[in-house]
Amino acid sequence: MKRFALLLGSLIAGASVCLAQDMAELEVDHNVNSEFETPHTEWATPYALGTTRVLFFVNGRGTNAREVIELKQRFDLDPQMIFWGRIVDTTKDDWHGGENGLRRIARLLTEKWDAFVFIDVVPEKLPVENQYTLVKAVTAGAGLIVLGTDDKRVLKDKNKLQTLPAFLADVDGASAFTVKQGRGVRLPKRPTIEYRPGWEVTYDEWAMRVGKAILWAAGKEPKLSLTLTPKAKELARASLPGIAATLAWQGAGAGATADVTLRRDDGATVDTRKQPLDKADGTADLSAPAVRAGNYHLDIVVRDGTGVAGFASVPFAVTSERKVEAVKLVQDWAEIGQHLSGQVVLSGQAGADESLVISLFDRRGRVVARQTAKPGDAETAFEFEVQPWFPMLVEVQAMLTDGAGKWVASAWKYARVVKRHRGQFNFVMWDLPRGNLAPFAEESLARNSVTVQLCGGTPPPYIAAYDVAWIPYTTHIDGKKDDKGIMTPVCWNDEAGIQAHVDKIVDSYVPSRQHGVLAYSLGDEIAVRGSCLCSHCLEAYRKYLQEQYKDIAGLNASWGSAYASFGDVQLSKSDDNDETEAFRAGNFPRWFDRQAFQSYTFCKLCERFGKGFRRIDPESRCGFEGAGTFGQADDLDGFVRSNTFWSPYPGTADEVLRSIAPRDFPRANWMGYTKDADTLLEKYWRMVTRGCDSVWWWRWEVVGRFHGWLAPNLDPYPAVKEILQDTQIVRDGLGELLLNSEMQTDGIGILYSQPSAYAAKVQTAPSYGSYESNHAAFQNVVRDLGCNFRYFTDRQMRLGEIDLSNFKVILLPMTQAMSAQEAEMFRQYVRNGGLLIADVRPAIYDGHVKPLAAGQLDDVFGIKRTGADKALETGGTITVPAPAGGGEPETLNLVKAPADGGVQAAGAVAAGAAGQAPLFLSNSFGQGRAVLLNLATSALPALGAETTPESAARLWRQILGQAQVAPALDVSDAQGRRLRIVEVTRWTNGPVQIVSFFRHQGKPEPARVSLPQAMHVYDLKNHVDLGSKQAFDLTVTPYRAEFFALSPEPLAPVTLQAAPSVAPGSVQRVRITSAMPQGQQAVHVQVKLPDERMADWVDPVVLVDSKGATVDVPVAFNDDDGTWTVHATDLYTGKTTSASFTVGR
C-alpha cells in the first residue's frame, strides 16, 4: 500500500490534485469544530469569566487532535491547533504543512492567547524565532501548559510553587510555576484508559482536571472557591442512604445553584439534584441514595446568572460484604447458534430472598438478554444461546439483588459474538484508532460506513462494540534471500520448515478468529513468486516439471536438453535462480518454466496458509491485497485457485478477477491516494462497476500528502462527506443487489494467457507494445461501443472448465503463446460458428514460449508467415464498409500502425494495409470467421477520443455484428451521435435490468438512452419513477456513476407484516415480501422509536423475493414503551412501506 501511495504521489505531483497543503487546506486539517458530539460534562461552559483563547500544539495523527475538541466541549474555549508529527510515508517528524505550516505558526503566534498547551510535543521543536515569540507572551502574562513533556528553560525549578494552588489540588501529578507575569503547569502523561463500560467517565474526569490546569495557567480560575470533601474514601452500602460528602464554598453570587450528579464508573447517572448556594459562604452535606457496591464520582457544577461559576468532583467507593466476585466464562466468544455460558462467583454471607440477574448489555446499555437465577452457595451457572441479532460485543453482567429487590453488587465480563460480514457490500478501512479516544474514532468510522478494518494484531473490544469485522494483517511475504541465495526465514519448499513457520503465524491469530474475520491477509505489496538455490527448491522444481511435461522426452524437446530423468534436472547455472542465462541464450521454454514455477510455488504457499487458517477457523478465507498484476505476467488464475480472497491494486487484473472468481470471493481495490472528491469517487465507482464486493480505503487517519477518511477532529473530511452522499445508494441496497445479480457480458470473451504474457517480453514482441496495453485497448473498444466482456484463462481451457461455445466473440489480445490443446479448441470454436479476433502474431509460440515455425492458427486466420521481425513503423489505411443504411465506404487513416510485416494473406481478405503488411484480415473457416488485425490494438485510434472519426467505431460494430454482437442500449449525445467516454454496465436480477452509466473523466454532458422496447424506468440515485419509456434522458457526470432500473412491468413497493405488539425482551419478526414473481428487491429497513430517534441497531439491507424474508427487530428489556415504526424502503421505486407495533410491559 505504501509503495503504491509513494508511486502515485510522484505521478500526480504538480497535477491539479495538489500534494502540498495550501493555507485553506491547513485550516480544514486544523478545524477545531466538530459535528460529532460525544458524551461529556459541561464543566465550565458558558464560563462566568468568559472565553479562554488557547493555542494547542499536538500530534496531528491518530486521535490526538480530538483532545482539543473534547476540551472545547467541556470548557468555554476559543482554541486553535498546530500539528507536529510523522510525515506520511516517511520516517521524519515535522510541523504539518511544510513552509505554509510554518507561516501559519508564525501568524498564529502574533495573536493574543490566554494560554499555550503542548500535548506530548516539546516546545523546543518550534523554530527559534517562534519559541522567542511564545516565551515572550508567557512572561507577559499568558499561561503555558506542558502535558506529557517539559520545558525546563521556562518551567524552572526555582519558580516552582511549593504548594499547589487549591484549585489544582486534585490534579494528580501537576506542578505549578510562575513565569514572570505568566503561569505554567506541568502535567504528567495522559493515563491509559482501557475500553470498558463507563470508560467515558474516567476520561471526563481527567479532561476536567486538564481544563483546570488551563484555566489556572491563563489566570482565569473561578472566583468561587469550592471544596468537596468525601465523608470517607469508602462507604459501606449498609450506611446508605446517607451523607456521602460535604460541599464548602466561598464567594457565591446571588442565585448560585449547584447541579449535583452522582455517576457510577460504568457510566450510569444514578442521582441528580440541585443544591442552592443561598449565602456567599457556606457548607452543605450531600447525600447518596442506597446504591450498589462500586466506584462513584460526585460532580458539582455551580451556575449563576453569568454562567458556570465553579465546579468540582470527588471520587468515592461503596463497599458491600456480600460481593459478586467475578463472572467466569467458559469461553469469551461464540459463533451464532452456539452458547455463551459460565458461572457467577459470589462471596460473603448470603441474604434472604436474594436473586441473581445475569444480563447481556450492548454498548448502548440496552439489555438484549436476561436470566434470573437463585444464587448458589458459591457459583451459579448461566447459559445464553447466541442469536443472529446479538451485537458483536456484549457485556455479560451479573447483578445481585437483595430481598427487597435492591441492587447489592455486580461484576461483568466482555464476550464477543463472531460475525464475519460476508454476503454484504463492505467498506474496509486500513488500520484502527488507538489511544484513549479510539472508541470515539471507531464510532465515527462506523457512523460513516466502515464495516471492516484491516490491521495487524488482535482487534480491541471497541472494534466489536461497533460491529466492525476484522481482516488481520497476518504476515508479509517478501521472498527475501540470504547471501547464499536461500529464501529467508525459510524456503517455501522446505516442507518441515515452512509448515512450522506457517503454523506459528496462524496460531498467533486465534484471538482475531474469535472476533469475526472477513478474511486473513497475507500482506500487501508482497512477493507473488519465489524460488531459491536450496535443495528443497530444486527437488520441488523437478516434481513441478514432471507434472507439466509428464515424460522427460517432452522436457528435453522443449529445452533442447538431454536429461535421463527429471531427477537429473539442474539450473542452467548453479547460481542462476531466475534462469536469466537461458533467456539471454534464447532458450525461452527453460526461462518460462522457471518463472511459472516461481508463481506455482507462491500459490502453494498461499494454499498452505489457507489450510492453516481453516484449522483455527473452518469458515476462514485467506489471501492477499495490493499485489499481483496483469503486466508482470502473474499467475492470476493461480491466485484465484489458491486463495479465497484477493484485492489487487486497480488495473487490468480486476477484469480477470471479476470474470473467473466465484461470486462470494472477496475482491476490491485500495483507494484514498488523492484528496478531491472527483478522483476519489472515480475509484469508488470503478470498483462497483467492475464487480467488486467492497471498497478498501487507505487509511482511517492521515494528513499531508493524503487525507484519511476522518479528519483530525474525527469528522469526515469534506471530500469524504461528498463521497458518502454520492454513494448512499450503495448502502441503501445497491451494493447487496449487485452482489446477487448477474453482470451481462454481451457474449464477448477475452483470453488471459500467462505464457502469452511472458511471450510479450521475448524476441521482437515488445515492438508491438506490452501485453497489458493491448488488452486494455481491446477492453476500451468493447466498452466504448457500449458492451462488456468476460475473461477466461488458458488453464481453464486445459482443464475443461470453460465452454467456448458460450461466447459469440472471442478476443485474443497479444496471444502469442498457446498449447496445441488450446489451439485446437479455438480451431473447433471457429469451425462451429464462432468469431475469433486476434491482433498480432497469434499462437507463434507453444505453451512454454517455444518459438514455432508457423503459427498454430494460421489456417484459421487464412494467412501464411514469412518471418517474425519487429513491428513495422509506418502509417496505414483501412477501408471501412459503407453503413447498412447507405452511403460510401470510408478510409480510416492510421498515423502509426505497428504491423507484422511477416504476414501474407492466404485465403483471408484484407481491409487495409500498412506498407506491404495487410491489415484487418477476415477469413471464413468452417461455419465461423476469424479476423486478424495484424497490428497492435493499442495503436488504433481510441473510440472515445474526440478526434477519432466515427468510422472507426462503425468498423468495430460491423466486425462484431458478424456474430450478432451489438450494444443492448443506444446512448447518444444531444446531436444524436454516439456518446463517447461513457461505460454502460448491465446486471440482471429476474426480469429487471440494473444499468450504470459511468464517465471516468471529462465534462458533464446530456445524453439520451434508447431502449429496444418500452420499459418502466427508475432513476435509482434520485429516487424517481420515470414511467414507461422507450427512451429517457440523463446527464452523464464525470467521476460519478448513474444507476437506473429497467423493468418490463411496473414495480410495486414491498409489503410488511408485523405482530401488533411485543413485550420488552422479545423480538419483533417483520415479514417483508416482494410482489415480483421472479427476482429480488433490495430493501433498506429502519426503525423509528417512540421518541422519534432511529434505532441504530436495526439498519439492515435485505433482499426479498415473492417468498418473503424476515427481519428481526430486537426489543431490549429496558427499551422504551410506546409505538415503534418499521420503515422498509425499496431501492427500485424509492417507496417506503411502514408498519407500526407497540411495546409495552
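Pairs of Cα atoms nearer than 8 Å and 6+ residues apart set the relative contact order; for the stretch 368-467 it is 26 percent. Positive end of the dipole of the chain (Cβ unit charges, origin at the Cα centre): among T306, L393, A677, the Cα lying farthest that way belongs to T306. DSSP beta bridges fully contained in the stretch 81-232 are about 45 percent antiparallel. Checking the Cα-Cα distances for K323/K406; K761/K850; K180/K220; K189/K233 against a 19 Å cut-off, the pairs over it are K189/K233.
With a Förster radius of 35 Å, plug the Cβ-Cβ distance of T319 and A1063 into 1/(1 + (r/R0)^6) and report the FRET value to the nearest 0.05. Calculated transfer efficiency: 0.45. Available extension along the chain between D1019 and A106 is 323.5 nm, counting 0.36 nm per residue and deducting the alpha carbon span. Placing a pseudo-label 7 Å from each Cα along the Cα-to-Cβ vector at T306 and Q962 gives an inter-label distance of 9.3 nm.
If only the Cβ of Lys and Arg carry +1 and only the Cβ of Asp and Glu carry -1, the dipole of the chain around its Cα centre is close to 900 debye.
Label-to-label distance for S1010 and K611 is 6.0 nm, based on points extended 7 Å past Cα in the beta-carbon direction. Taking all Cα-Cα distances within the stretch 253-331, those exceeding 19 Å account for 48%.
What FRET efficiency do you get for K223 and D678 if R0 is 45 Å and r is their Cβ-Cβ distance, rounded to the nearest 0.05? The pair K223/D678 has a calculated efficiency of 0.25.
The slack between K160 and E27, meaning 0.36 nm per residue of separation minus the straight C-alpha distance, is 44.2 nm. For the stretch 1033-1072, the alpha carbon convex hull comes to 155 Å³ per residue, rounded to a whole number. Our note on the geometry: Cα centres of the stretch 437-494 and the stretch 74-109, 29 Å apart. Among beta bridges from DSSP that stay inside the chain, the antiparallel ones total about 70%.
Restricting the stretch 555-612 to trypsin sites (Lys or Arg not before Pro) that sit in a DSSP loop and have at most 14 other Cβ atoms within 10 Å of their own Cβ leaves K573. Projected label points at T1125 and H339, each 7 Å from Cα along the beta carbon direction, are separated by 4.2 nanometres. Ranking T745, H476, L892 by Cα position along the charge dipole of the chain, where only Lys, Arg, Asp and Glu carry charges on their C-beta atoms, puts H476 farthest toward the positive end. Given R0 = 35 Å, the distance between the Cβ atoms of R1145 and A350 translates into a calculated FRET efficiency of 0.75. Residues of the stretch 1110-1145 with an amide N closer than 18 Å to a point placed 7 Å from the Cα of A1075 along the Cα-to-Cβ direction: 1128-1139. Which distance in Å, rounded to a whole number, links the C-alpha centroids of the stretch 592-659 and the stretch 667-718? Centre-to-centre (Cα) distance: 24 Å.
Once you treat every alpha carbon in the chain as an equal point and sum by Debye, what is log10 I(q)/I(0) at q = 0.04, 0.06, 0.07, 0.08 Å⁻¹? Each listed q maps to, in turn, -0.29, -0.62, -0.82, -1.02. Within the stretch 745-961, the proportion of Cα pairs with more than 33 Å between them is 8 percent.
The length gained by stretching the chain between E99 and T580 to full extension, at 0.36 nm per residue less their Cα-Cα distance, is 168.3 nm. By DSSP, the beta bridges lying fully in the stretch 225-319 are antiparallel in about 95 percent of cases.
For the chain, the residue among Q331, I802, V1101 whose Cα projects farthest onto the positive side of the dipole built from Cβ charges is Q331.
Mind putting together the pair-distance distribution for the stretch 323-413? All Cα pairs, 5 Å bins, whole percent per bin, short to long. Result returned by the calculation: 3, 15, 27, 25, 16, 10, 5, 1. When you filter the trypsin sites (Lys or Arg not before Pro) in the stretch 155-228 for DSSP loop state and at most 13 other Cβ atoms inside 10 Å of their Cβ, you are left with K156, K180, K189, K223. The 3J(HN,Hα) values that the Karplus relation (6.51, -1.76, 1.60; θ = phi - 60°) gives for the stretch 1014-1027 are, in residue order, 4, 9, 7, 10, 10, 7, 6, 5, 9, 6, 10, 8, 7, x Hz. Gly and Pro appear as x.
Using only the alpha carbons of the stretch 31-217, what is the convex hull's orientation-averaged projected area in square nanometres?
Values: hull surface 45.6 nm².
Hull-based average projected area comes out at 11.4 nm².
Normalising by residue count, the stretch 509-640 has a Cα convex hull of 132 Å³ per residue.
Once you compute Rg and the Kirkwood Rh from C-alpha atoms, what is the Rg to Rh ratio for the stretch 173-221?
Using only Cα positions, Rg/Rh for the stretch 173-221 is 1.10.
Residues within the reach of a label modelled at N740 (point 7 angstrom out along Cα to beta-carbon, backbone nitrogen below 13 Å), restricted to the stretch 1061-1081, are 1072-1076, 1078-1081.
Just so you know, all these numbers are worked out from the coordinates, no wet-lab data involved. As the structure is a prediction and not an experimental result, all values here were calculated from the model. For neighbour counting, all protein chains shown are included, and Cβ atoms are generated from backbone atoms with ideal geometry for every residue, glycine included.
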